[in-house]
Amino acid sequence: MLGRPGPENGEAMLNLSLRAKFLILSAMVQALVMGLLIWNVTRIMDQAVSKNADRVAHEYAVTLNLSLGPYASKGHLADLRSYLGEMLSDPADSFVRYIVILDPEGRPIISAGGAPADPAELLRRPGARTNQGLQTVQSEAMLHARAPLLLKDNRVGALHFGLSTSDLAQARDEVLSQGGLISAAGFGVGLLLFYFFTLGIGRRLDGLNAQAQRLVRGDYGTLLPERGGDEIELVSRSLNTMNLALRTRIAQLEQAERRLSESEARFKILFEVAPVPLSVSNRDGTVIAANLALQRTFSAAAGAIVGRHTAELAFWDGAGEASRILAIHARDGTVQGDIAGVRLAGGAKGSVAVWTSSLLLDGETAVIWALLDLTGELKAKGALRELNISLESRVQERSAALERANLDLSEALDSLQRTQHDLLAAEKMASLGSLVAGIAHELNTPIGNSLLASTTLSDRVQEFDRVVVAGALRRSALTAHLDEVRQAAGLIAGSLQKAANLIASFKQVAVDQTNDQRRGFDLLLVLQDTLATYLPRLRRARCAATLDIPAGLTMDSYPGSLYQVINNLINNSLVHAFEGRASGAISMRASVQDDGQIALLFGDDGRGMSDEVLRHVFDPFFTTKMGQGGTGLGMNIVYNIVTGVLGGRINITTAPEQGTTIRIVVPRVAPLRDGAKKHMAAALEA
């Protein structure tokens, strides 16, 4: 009983050379072809023997009908008994071995030779053939045949006879034996030719294997001879080309390794001297790196930070702050500008904006933490809030004085116009300051990503250097290293491109806001730049923003004034519309009206306004946040810019808890600035 091949048999099959496998395969193919040829010749010879036997049987049937017909029709068949016996006595005289004539009922009339007991039963066996009224069936070396025979009184009987096919079978066997000998000789000659053919191929393949072993050992000085004009020559040429390319590439990699080592040192210095406090923790929260800014800001040595859990760091203003920030990170997977209380150098309380970003470090998930000190900014905002309260008090006193002194109305009006101009400038500078702070926050992420990608790349270069020094460099390791370098370069380029786009948007908006010159501009691009500068604040407020502005909608107007309008509308929504709400949405749409003017719709889904607030929304110094930092000039400035500088009109549709939609219609070509100034002055005097 055959079993499964053991390990020795399997190893023997695997250890066969390519030449041996080729010889075995060629032998199997030749054997298969010869087997098919022998089978086909046998099939053809059997068909030929059968066809010739049927032809001979047909000839004998015709001959016997002609010979026996006259006797059968007269009923004298018995007179032929001795004649038929004499005719069949010598097998060499004919192929006929027996003759039997049956009446219509199947009873024998006459029989001669070695007839079977029931010849009619033989012709009912499977394999019987009928051709031109003659039925035949082959049984061993005898062909049994049946043909109709006309008897006396026009009755139809049956003529049965048997023909010997041994001579035909002998001829077939001789042809098959000679064909088998010729096939065996061809098989042997073919194997011999294949043996000598594969002998040279084997030597050349051994040369290729030796060259591959030299390449594995790092020997790139030996080249293979290129000859033969076949595929092996192409492989040899490819190996030689790869040899030369590897020598060049290794030299380039050594040079790149030196450059990457220098780059690693530079980026390490950048991380250490970055002005923003930075730290890196693993997925368990343990700090694994901290820069100098973090140590200086919180007066902590590196030993007091590195190796400790983030929640255990001493600079948090209580354990609750650390737990809250870590809970936000666990919930959202990141922290985006959330404010946390800390203890600064000297023990003073402060506030920082926390930003996090995840990355892979040595195959493990790590988190980089950026802590932006906002203590000074928050103090400045508090001082500004107090200044606004004081300003509101002064404005109220001035209003009371104006009411008491009608004689000084003209002077007070001039003072009010100057104050309004100063407040407009202050609004622009305040929004620009907020814009700068938001841009600084937004730039931290792409710059941090670039820094981390470069640090990771440096680590990969060190690993690659060790592989090269050890002499274990393989093509797969080289390919993997190139993929990692390509991915890191793509991440650095993408992050820096994102920062560059953000700076470009900020630059254009800042230039337009501080130097409001008339120029032609694309409305979509201006609104995109404007919205881009507010993305940090919108994200912190969880406010979604959508733009639906037709492309190619150009205007000849004042983009700085338009920016101021959108700035005040966004601020108004963030301060008033979404108070007490976890999230919100604003939208801006534009279309060209039939008269050629542009309709700009600004909407939010916030709290809306009551009818009382709507009646006074454009009044100067009217605010629902009196004493909370509101000046009451935001919507008044929007009205004056739209109706004055831009030469348009504005109206508001709102209802409590139904949101607010502000519709601004302005001409594509703004009126002259002098006319706009006169219109604005007239509106203020009214």
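Of all residues being touching a helix residue (DSSP H, G or I) at 6+ places or on another chain (Cβ under 7 Å) and among the β-branched types (Val, Ile, Thr) in segment 254-292, which is nearest to Ala322 (Cα to Cα)? Just the residue, please.
Val287
Just to verify a result, which residue in segment 161-176, among those that are assigned to a helix (DSSP H, G or I) and among the small types (Gly, Ala, Ser), is surrounded by the most Cβ atoms within 10 Å (Cβ to Cβ)? Full working, then the answer.
Keep residues of segment 161-176 that are assigned to a helix (DSSP H, G or I), which gives 166-176.
Next cut, among the small types (Gly, Ala, Ser) only: 166, 169, 171.
On the way: Ser166: 12, Ala169: 16, Ala171: 14.
Taking the candidates together, the pick is Ala169.
What are the pairs, 6+ residues apart or on separate chains, where a residue within segment 270-294 that is under 15 Å from Leu371 (Cβ atoms) and among the basic types (Lys, Arg) has its Cβ under 7 Å from a residue that is open to solvent by 30 Å² or more (accessible area, probe 1.4 Å) and in a helix (DSSP H, G or I)?
Pairs found: none.
Provide a single number: the residues in segment 133-152 that are open to solvent by less than 30 Å² (accessible area, probe 1.4 Å) and not in a strand (DSSP E or B).
1
Could you go through segment 534-541 and let me know if any residue there is assigned to a loop (DSSP other than H, G, I, E, B) and at pLDDT below 90. Before you say what the answer is, go through the steps one by one.
Taking segment 534-541 first, the residues assigned to a loop (DSSP other than H, G, I, E, B) are 541.
Add one more test, that the residue is at pLDDT below 90, and what stays is 541.
Scanning segment 534-541, I find at least one residue that is assigned to a loop (DSSP other than H, G, I, E, B) and at pLDDT below 90, so the answer is yes.
If we scan segment 139-157, do we find a residue that is free of Cβ contacts under 8 Å to residues at least 12 places away in the same chain and over 22 Å from Tyr71 (Cα atoms)?
yes
Across segment 81-115, what is the total count of residues that are farther than 20 Å from Asp54 by Cα, open to solvent by less than 60 Å² (accessible area, probe 1.4 Å) and in contact with a Phe, Trp or Tyr (Cβ under 6 Å, 6 or more places away or on another chain)?
Number satisfying all stated conditions: 1.
Consider Ile447 carefully, then state whether it is modelled with pLDDT of 65 or more and farther than 23 Å from Ile641 by Cα.
Taking the combined requirement at face value, the residue satisfies it.
(1) assigned to a helix (DSSP H, G or I); (2) open to solvent by less than 20 Å² (accessible area, probe 1.4 Å); (3) among the small types (Gly, Ala, Ser): which one isn't true of Ala353, the others all being true?
(1)
Contact list please: Cβ distance under 9 Å, first residue in segment 611-622 and farther than 19 Å from Ile641 by Cα, second residue open to solvent by 60 Å² or more (accessible area, probe 1.4 Å) and of a type in the set (A, V, I, L, M), pairs at least six apart or on different chains.
Between residues of segment 611-622 that are farther than 19 Å from Ile641 by Cα and residues that are open to solvent by 60 Å² or more (accessible area, probe 1.4 Å) and of a type in the set (A, V, I, L, M), there is no close pair.
Only one of these conditions is not met by Asp338: (1) more than 22 Å from Arg540 (Cβ to Cβ); (2) in a strand (DSSP E or B). Which number is it?
(1)
Can you tell me which of Val592, Val575 is at pLDDT below 85, of a type in the set (A, V, I, L, M, F, W, C) and more than 19 Å from Val645 (Cα to Cα)?
Going through Val592, Val575 in turn, just one is at pLDDT below 85, of a type in the set (A, V, I, L, M, F, W, C) and more than 19 Å from Val645 (Cα to Cα): Val575.
Are any residues in segment 457-484 without any contact (Cβ under 8 Å) to a residue 40 or more places away in the chain, in contact with a helix residue (DSSP H, G or I) (Cβ under 7 Å, 6 or more places away or on another chain) and among the small types (Gly, Ala, Ser), and if so, which ones?
Ala477
If you go through segment 76-126 one residue at a time, how many are in contact (Cβ under 8 Å) with a residue 60 or more places away in the chain and of a type in the set (Phe, Trp, Tyr)?
Result for segment 76-126: 2.
State the number of residues belonging to segment 547-586 that are of a type in the set (Gly, Ala, Ser), closer than 27 Å to Gln658 by Cβ and in contact with an Asp or Glu (Cβ under 7 Å, 6 or more places away or on another chain).
Looking only at that region, the number is 4.
Output the residues belonging to segment 176-186 that are of a type in the set (A, V, I, L, M, F, W, C) and at pLDDT 75 or above. Show your work before the answer.
We begin by selecting, within segment 176-186, every residue of a type in the set (A, V, I, L, M, F, W, C); these are 176, 181-182, 184-185.
Within segment 176-186, Leu181, Ile182, Ala184, Ala185 qualify.
For Ala300, only one of the following conditions fails: (1) surrounded by fewer than 16 Cβ atoms within 10 Å (Cβ to Cβ); (2) part of a loop (DSSP other than H, G, I, E, B). What is its number?
(1)
How many residues are of a type in the set (Asp, Glu), part of a loop (DSSP other than H, G, I, E, B) and over 16 Å from Leu151 (Cβ atoms) when one looks only at segment 60-112?
Residues of segment 60-112 of a type in the set (Asp, Glu): 79, 86, 90, 93, 103, 105.
The next check asks that each one be part of a loop (DSSP other than H, G, I, E, B); those that pass are 90, 93, 103, 105.
Narrowing further to those that are over 16 Å from Leu151 (Cβ atoms): 90, 93.
Residues in segment 60-112 being of a type in the set (Asp, Glu), part of a loop (DSSP other than H, G, I, E, B) and over 16 Å from Leu151 (Cβ atoms): 2 in total.
Of all residues being of a type in the set (D, E, K, R) and within 19 Å of Leu523 (Cα to Cα) in segment 631-665, which is least open to solvent (accessible area, probe 1.4 Å)? Just the residue, please.
Arg663
Within the bounds of segment 612-625, is there any residue that is closer than 29 Å to Ser390 by Cα, among the acidic types (Asp, Glu) and modelled with pLDDT of 85 or more? Steps first, please.
To start, the set of residues in segment 612-625 that are closer than 29 Å to Ser390 by Cα comprises 612-625.
Applying the additional criterion that residues be among the acidic types (Asp, Glu) yields 612, 619.
Within this subset, residues satisfying the condition of being modelled with pLDDT of 85 or more are 612.
Yes, that holds for at least one residue.
So the check is Cβ under 9 Å with 6+ separation or different chains; which pairs have a first residue in segment 574-590 that's within 20 Å of Lys625 (Cα to Cα) and a second one that's buried (at least 18 other Cβ atoms within 10 Å of the Cβ) and among the basic types (Lys, Arg)?
Listed pairs, sorted by first residue: Leu574/Arg537; His576/Arg607; Ala577/Arg607; Phe578/Arg607; Glu579/Arg607; Gly580/Arg607; Arg581/Arg607.
Tell me yes or no: at least one residue of segment 282-304 is over 43 Å from the mean Cα position of the chain (by Cα) and of a type in the set (Val, Ile, Thr).
yes
Return yes when Ala158 is in contact with a helix residue (DSSP H, G or I) (Cβ under 9 Å, 6 or more places away or on another chain), at pLDDT below 75, surrounded by 14 or more Cβ atoms within 10 Å (Cβ to Cβ) and more than 25 Å from Met28 (Cα to Cα) and no when it is not.
no
Surrounded by fewer than 17 Cβ atoms within 10 Å (Cβ to Cβ), touching a residue at least 12 places away in the same chain (Cβ under 8 Å) and not polar (S, T, N, Q): is that true of Asp332 in this structure? Show your work before the answer.
Values: surrounded by fewer than 17 Cβ atoms within 10 Å (Cβ to Cβ): yes; touching a residue at least 12 places away in the same chain (Cβ under 8 Å): no; not polar (S, T, N, Q): yes.
No, not satisfied.
The values are calculated or read from the model by the stated rules, or taken from the named source; none is laboratory data. Worth saying up front: this structure is predicted, and the values here are computed from it rather than measured. A quick note on method: Cβ atoms are made from the backbone with ideal geometry, for glycine too, and the neighbour counts reach across all protein chains shown. Areas reflect the complete protein model, heavy atoms only, side chains present, ligands, DNA and RNA absent. Shrake-Rupley method; radii C 1.70, N 1.55, O 1.52, S 1.80 Å.
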